[in-house]
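Accompanying notes for the structure given below.
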Amino acid sequence: MKLHHLFFPLLLCWGSFGESAAPDENRASWRDVIPVLVNQQHQHTLAAVEALLERFPPKHTMSLERQAALLLLDNVLFDPEAAEKPALQAFFIVRTKGVVAALHQAPVTRGARICKLYNHGFIVRTPSVTLAFDLVSGRHLGNDGFVLPDELLEDLACACDLLFISHFHPDHADLRIAELFVRNGKRVAAPEGLWETRPFAEGLIYLKRTADAEQTIPIRGGADSVKVINYPGHQGDPVANNVVVVTTPDGLTFAHTGDQSNTGDFEWIDTVSKTQKIDVLMPNCWTPDLPRLIAGFNPVLVIPGHDNEISHTLDQRKPSWLIRERLGDMAGRAVLMAWGECYDYAAE
Ligand SMILES: [Zn+2]
């Protein structure tokens, strides 16, 4: 017994003595383990995120569990090196595959199924058409691990009828995706002049930038068409940014704002709802005066995008809690979604 009592405190102390006495090469190897541990922690966190999102799907009123899931995701994404984390790279691919699966699930017979993708990417399916907005592969981050594989991009292109690209910035405009859309016989409404010398340019459409004209884009080889108003938006002063309001053959109307951020443009933003009845608005969450922009469009439903854009520095990223604050008195109209989630919108 006596021996046991003596031995126990020695065991307790071993850690502190051992640490300071450890040879240098051992301490270096411990440091090598840290990225592995961090990655394992991300894996566990993202697995919990997926399980919680599955159990608590997108809704107007956010449960504490869903709020916690989005905050967990914020914490993984709020890292300057997020794109380098293998767990997040895998999550990006799995969540995008989930959208392809959701589009192949039950058919959309009324209303719309709206799927959110990284970064400001959306796919909207109605009974008559499937629209894509600002889809990106992740290639703009310059990290080979954070890029969707070509087969998956092709699956996305095949699932859609038409792609809209708001402006040329690479977190919105992805050459490879545009090329795959065109190669699969799908049209791409591109920003003025973008890729006009590329071999696939014959599949690109350059819409006029005017609030005063309704433009028509044929889909499925001219079997049907969508109506578009291409509002002349801007990112700051210098960058032309197309803000599209698209009406489907079944009479539903969807608006996507790209990187809209120009206070002078409120001159037309404030009046959009006078001529347009918007079902769903997909604004960039960081736009100046988000409640005023929402009021201008006056949509039934708001689904913010461009959250946690990991090519931006931390001060430019917008986590879920900050988007909720930025929505202000418009929060009741909004449904916050994570990458790979879909929401079935029941039109009135
Ligand atoms: Zn952007």
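Just a few scattered comments:
- When the stretch 198-219 is filtered for residues that are closer than 24 Å to ASP265 by Cα and not hydroxyl-bearing (Ser, Thr, Tyr), the ones remaining, listed by number, are ILE205, LEU207, LYS208, ARG209, ALA211, ASP212, ALA213, GLU214, GLN215.
Conditions tested, residue by residue: (1) closer than 24 Å to LYS85 by Cα; (2) more than 16 Å from the ligand (Cβ to nearest atom).
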| position | (1), (2) |
| --- | --- |
| ASP144 | yes, yes |
| ALA157 | no, yes |
| ILE165 | no, no |
| PHE168 | no, no |
| ASP171 | yes, no |
| ALA178 | no, yes |
| VAL182 | no, yes |
| PRO191 | no, no |
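- All helices (runs of 4 or more DSSP H) inside the stretch 260-307 with 3 or more residues being closer than 26 Å to GLU341 by Cα: 290-297
- Count - residues of the stretch 94-125 that are more than 16 Å from the ligand (Cβ to nearest atom) and either under 17 Å from LEU53 (Cβ atoms) or surrounded by fewer than 24 Cβ atoms within 10 Å (Cβ to Cβ) (or both): 22
- Of the residues screened, ASP224 is one that is more than 16 Å from the ligand (Cβ to nearest atom), in contact (Cβ under 8 Å) with a residue 60 or more places away in the chain and under 26 Å from LEU252 (Cα atoms).
- Here SER261 clears all of (1) closer than 18 Å to ALA189 by Cβ; (2) within 16 Å of the ligand (Cβ to nearest atom) except the condition numbered (1).
Here is a yes/no grid of residues against (1) surrounded by 14 or more Cβ atoms within 10 Å (Cβ to Cβ); (2) within 24 Å of the chain's Cα centre (by Cα); (3) assigned to a strand (DSSP E or B):
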residue	(1), (2), (3)
LYS208	no, no, no
ALA211	yes, no, yes
GLN215	yes, no, yes
PRO218	yes, no, yes
ILE229	yes, yes, yes
PRO232	yes, yes, yes
VAL245	yes, yes, yes
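- Qualifying residue in the stretch 200-208 (condition: touching a strand residue (DSSP E or B) at 6+ places or on another chain (Cβ under 9 Å) and in contact (Cβ under 8 Å) with a residue 40 or more places away in the chain): no
- First in the stretch 272-294 and more than 16 Å from the ligand (Cβ to nearest atom), second anywhere and of a type in the set (Gly, Ala, Ser) and not in a strand (DSSP E or B), Cβ under 6 Å, 6 or more apart: VAL272/GLY296; PRO291/GLY328
- The listed residue being modelled with pLDDT of 95 or more and either out of contact with any Pro (no Cβ under 8 Å at 6 or more places or on another chain) or surrounded by 15 or more Cβ atoms within 10 Å (Cβ to Cβ) (or both), out of ASP329, ASP315, ASP265: ASP265
- Only residues that are within 21 Å of ARG125 (Cβ to Cβ), touching a helix residue (DSSP H, G or I) at 6+ places or on another chain (Cβ under 8 Å), part of a helix (DSSP H, G or I) and free of Cβ contacts under 8 Å to residues at least 40 places away in the same chain were counted across the stretch 137-177, and they come to 3.
- Cβ-Cβ contacts under 9 Å between residues 6 or more apart (or on different chains), taken from a first residue in the stretch 34-54 that is hydroxyl-bearing (Ser, Thr, Tyr) to a second residue that is in a helix (DSSP H, G or I), are listed as THR45/LEU72; THR45/LEU73; THR45/ASN75; THR45/VAL76; THR45/ALA87.
The values are calculated or read from the model by the stated rules, or taken from the named source; none is laboratory data. All figures in this text were calculated on a predicted structure; none of them were measured in a lab. Positions of Cβ are backbone-derived with ideal geometry, glycine not excepted, and every protein chain shown enters the neighbour counts.
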